[in-house]
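**Q** Structure below; questions to follow.
Each reported figure results from applying straightforward, stated rules to the coordinates on display, with no laboratory input. Bear in mind that the values here come from a model prediction, so they are computed numbers and not experimental data. Please note: Cβ atoms are built from the backbone with ideal geometry, for glycine as well, and neighbour counts cover all protein chains shown.
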Amino acid sequence: SQTIHQWPATLVQPVGSPLSLECTVEGTSNPNLYWYRQAAGRGLQLLFYSVGIGQISSEVPQNLSASRPQDRQFILSSKKLLLSDSGFYLCAWRGDRGHYGYTFGSGTRLTVV
Amino acid sequence: GENVEQHPSTLSVQEGDSAVIKCTYSDSASNYFPWYKQELGKGPQLIIDIRSNVGEKKDQRIAVTLNKTAKHFSLHITETQPEDSAVYFCAASRGVGRRALTFGSGTRLQVQP
């Protein structure tokens with residue numbers, strides 16, 4: 001069966017520090033991968049999605065970036081965090097056939113102080 | 001792009017009553033409509049979905065209806081229980097696979113025992 005792992009679960013970082021969040025998927029190949037951000041009490045904002053290794057599409061201009069170095073690995077990064085980067089970050093995967101809905105990871109709660 | 005509006009933002013019902021959450025979408029080409037339940041501090045979980053070739057789908061106490069002409073779809077929860085308390089998100093997408101889901105802003109459902 002397919003599983004998705006996301007870490008860390010919580011993170012407190014100072015303003016200006018770098019960020020690296022990792023997401024991996026098991027039990028499937030060539031998944032479509034997504035990063036979403038959820039501000040407190042708000043909806044889900046799509047940040048990046050990837051349909052294959054090295055293929056990244058950005059939905060919102062910001063100081064975040066994403067990379068997909070391996071088929072089932074998706075990384076969210078920042079060189080210098082802003083206070084406004086605080087939020088709940090969610091990774092999700094979706095297949096091309098037979099699996100239409102997203103499966104979300106457990107999320108990373110990032111607090112920038 | 002797609003725009004999904006969700007109402008109400010909060011909903012409080014008594015245990016055993018029914019709850020209805022409504023969403024409208026803007027892209028007439030959207031054909032996949034999932035619903036997610038998010039418990040506090042966790043990632044959203046897919047609870048039911050519907051494709052545009054179907055007008056209604058039911059799974060035990062939950063059901064989803066779709067009106068393609070009016071471009072709206074609804075989630076119905078019958079015989080609500082305290083464990084149904086969570087935030088519910090609707091979403092829509094054109095096609096499946098790589099295309100990202102556009103989410104509504106969420107409904108916080110509180111079931112009073």
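**Q** When you look at the Cβ of every residue in A:24-37, what mean number of other chain Cβ atoms sits within 10 Å?
**A** 1
**Q** Local charge sum around A:P8 (other residues, Cβ-Cβ under 12 Å, Lys/Arg +1, Asp/Glu -1)?
**A** So the environment of A:P8 carries a net charge of 0.
**Q** Also, quick follow-up: Partner chain Cβ atoms within 10 Å, averaged over the residues of B:38-46 - can you pull that number for me?
**A** What the average comes to for B:38-46 is 6.
**Q** If each residue's Cβ is checked for other Cβ atoms within 10 Å, how do A:S50, B:S93, A:S17 rank with the fewest at the top?
**A** A:S17, A:S50, B:S93
**Q** Run the numbers for A:T10 and A:N30: contour at 0.36 nm per residue of separation, minus the present Cα-Cα distance, in nm.
**A** 4.4 nm
**Q** If Rh is defined by the Kirkwood formula over all Cα pairs and Rg also comes from Cα, what ratio Rg/Rh do you get for chain A? Before the final figure, lay out each step's value.
**A** Details: Rg = 13.4 Å, Rh = 14.1 Å.
Taking Rh as the inverse mean 1/r over Cα pairs, Rg/Rh reads 0.95.
**Q** In percent, how large is the relative contact order of chain B, given Cα pairs closer than 8 Å and 6 or more residues apart?
**A** 37
**Q** Hey, got the dipole for the protein assembly as shown? About the Cα centre, +1 on K and R Cβ, -1 on D and E Cβ, debye to the nearest 20?
**A** Dipole size: approximately 520 debye.
**Q** For the protein assembly as shown, list the cysteines whose Cβ sits under 4.7 Å from no other cysteine Cβ?
**A** Cys with no partner Cβ under 4.7 Å: none.
**Q** Also, quick follow-up: Can you list, bin by bin at 10 Å, the percent of alpha carbon pairs in chain B, starting at 0?
**A** Bins of 10 Å from zero give 15, 49, 29, 6, 0 percent of pairs.
**Q** I need the phi-derived Karplus couplings for region A:8-25: 6.51 cos²θ - 1.76 cosθ + 1.60, θ = phi - 60°, integer Hz, Gly and Pro marked x.
**A** x, 7, 9, 7, 10, 10, x, 4, x, 7, x, 9, 8, 10, 10, 9, 10, 10
**Q** Still on this structure, please answer the following. Measuring from the lowest to the highest alpha carbon on each principal axis, how far does region B:1-63 reach, largest first, in angstroms?
**A** On the principal axes, region B:1-63 reaches 37, 25, 21 Å in Cα extent.
**Q** Still on this structure, please answer the following. Tell me whether region A:1-44 comes out rounded, prolate or oblate; compute the Cα gyration tensor, take square roots of the eigenvalues as a ≥ b ≥ c, and use a/c under 1.5 as the rounded threshold.
**A** prolate
**Q** Can you pull the Kirkwood radius for the protein assembly as shown, inverse mean 1/r over Cα pairs, to one decimal in Å?
**A** About 18.1 Å for the protein assembly as shown.
**Q** How far, in nm, would the chain grow between B:E83 and B:K68 when pulled straight, counting 0.36 nm per residue and subtracting the alpha carbon separation?
**A** That works out to 2.3 nm of additional length.
**Q** Once Lys and Arg get +1 and Asp and Glu get -1 on their Cβ, which of A:N30, A:G87, A:P69 lies farthest toward the positive end of the dipole of region A:13-113?
**A** So the residue furthest toward the plus end is A:G87.
**Q** Most exposed first by the Cβ proxy, i.e. fewest other Cβ within 10 Å, how do A:V112, A:V15, B:V20, B:V64 rank? Working shown, then result.
**A** Working: A:V112 19, A:V15 12, B:V20 16, B:V64 24.
The order, fewest Cβ neighbours first, is A:V15, B:V20, A:V112, B:V64.
**Q** Right, next: Test of understanding: ordering A:T10, B:T65 by Cβ neighbours within 10 Å, fewest first, what list do you get?
**A** A:T10, B:T65
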